[in-house]
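*Asks:* Here it is: the structure, laid out below.
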Amino acid sequence: MRSDKIGKSYCLNEIRLTGKRARLVEDSAEKSWNIEALDEKANKIIHIQIDSIDWETESKSTVKIHFMEKDLDYLIIVLLNFKGEEFTSFVIPHHKLKQKGKGDTFKLIDEDKCVYYSSRPDQSQNSYQTVDITTLKHNDIREKFECYSSAFSSIQSPS
């Protein structure tokens, strides 16, 4: 099974374990999210984009998706087989994603817990964003990133 399917299934189950009703979006090619969860208190649908990487077998070190869409509420990065853990997940609210500036080349996260991304055009003139997770190998960066680790219970509709 491919890591993206494993990651989506894992996240769906973790979200459901928090008591939320959630489902995989069947045709996510038309949308920027893979999972819809219901925030029953706010009576709103939460849109969640998942990207998964098998740390041991895949050569990519960046999350490459269209996560800056206006209707997206969360980005969840799932690392399989990272530092001896079967699943390592980071639940990042959309408002905590920040585009890199010229001086932010090697940053992943700042003191305000904003996660940096780069934006690039592809061959079809669409743009996509990337989060370079290579620096998670460093313990000091990983410690800063821990605030998003397995934070499935923090998922709620934005105010």
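The values are calculated or read from the model by the stated rules, or taken from the named source; none is laboratory data. Predicted model only: the values in this text are computed from it and were never measured. Ideal geometry is used to build each Cβ from the backbone, glycine not excepted, and the neighbour counts take in all protein chains shown. Surface areas here come from the heavy atoms of the whole protein model, side chains and all, with no ligands, DNA or RNA. Shrake-Rupley method; radii C 1.70, N 1.55, O 1.52, S 1.80 Å.
*Asks:* Take region 19-28 and flag every residue that is touching a strand residue (DSSP E or B) at 6+ places or on another chain (Cβ under 9 Å) and closer than 13 Å to GLU40 by Cβ. Outline the logic, then answer.
*Replies:* Of all residues in region 19-28, those touching a strand residue (DSSP E or B) at 6+ places or on another chain (Cβ under 9 Å) come to 20-25, 28.
Listed by number, the residues that qualify are LYS20, ARG21, ALA22.
*Asks:* Then there is this: Among residues belonging to region 24-36 that are farther than 14 Å from LEU75 by Cβ and of a type in the set (A, V, I, L, M), point out the one that is modelled with the lowest pLDDT.
*Replies:* This residue is ALA29.
*Asks:* Report every pair of residues separated by at least 6 positions or lying on different chains whose Cβ atoms are under 7 Å apart, first residue within region 76-93 and within 16 Å of VAL131 (Cα to Cα) and touching a residue at least 24 places away in the same chain (Cβ under 8 Å), second part of a strand (DSSP E or B) and charged (D, E, K, R).
*Replies:* Close Cβ pairs satisfying both conditions: ILE77/ASP51.
*Asks:* Shifting gears a bit: Could you look through region 50-85, keep only residues that are closer than 28 Å to ASP39 by Cα and surrounded by fewer than 21 Cβ atoms within 10 Å (Cβ to Cβ), and pick out the one that is modelled with the highest pLDDT?
*Replies:* Going through region 50-85, the residues closer than 28 Å to ASP39 by Cα turn out to be 50-53, 63-80.
Filter once more, so that each one left must be surrounded by fewer than 21 Cβ atoms within 10 Å (Cβ to Cβ): 64, 66, 68-72, 80.
Details: LYS64: 66, HIS66: 62, MET68: 61, GLU69: 62, LYS70: 66, ASP71: 79, LEU72: 86, LEU80: 89.
The qualifying residue modelled with the highest pLDDT is LEU80.
*Asks:* OK, next. Do we find that SER127 is within 19 Å of ASP51 (Cα to Cα), open to solvent by 40 Å² or more (accessible area, probe 1.4 Å), at pLDDT 80 or above and not charged (D, E, K, R) in this structure? Don't jump to the end; show me each part of the working.
*Replies:* Details: within 19 Å of ASP51 (Cα to Cα): yes; open to solvent by 40 Å² or more (accessible area, probe 1.4 Å): yes; at pLDDT 80 or above: no; not charged (D, E, K, R): yes.
When the stated conditions are applied, SER127 does not pass them.
*Asks:* Please specify each residue of region 108-124 satisfying the condition of being open to solvent by 70 Å² or more (accessible area, probe 1.4 Å) and at pLDDT 80 or above.
*Replies:* If we filter region 108-124 for residues that are open to solvent by 70 Å² or more (accessible area, probe 1.4 Å), which is where we start, we get 111-113, 120-121, 123-124.
Across region 108-124, the qualifying residues are GLU111, ASP112, LYS113.
*Asks:* Here is a further query. Name the single residue that is surrounded by the fewest Cβ atoms within 10 Å (Cβ to Cβ) among those in region 130-159 being at pLDDT 85 or above and assigned to a loop (DSSP other than H, G, I, E, B).
*Replies:* This residue is SER150.
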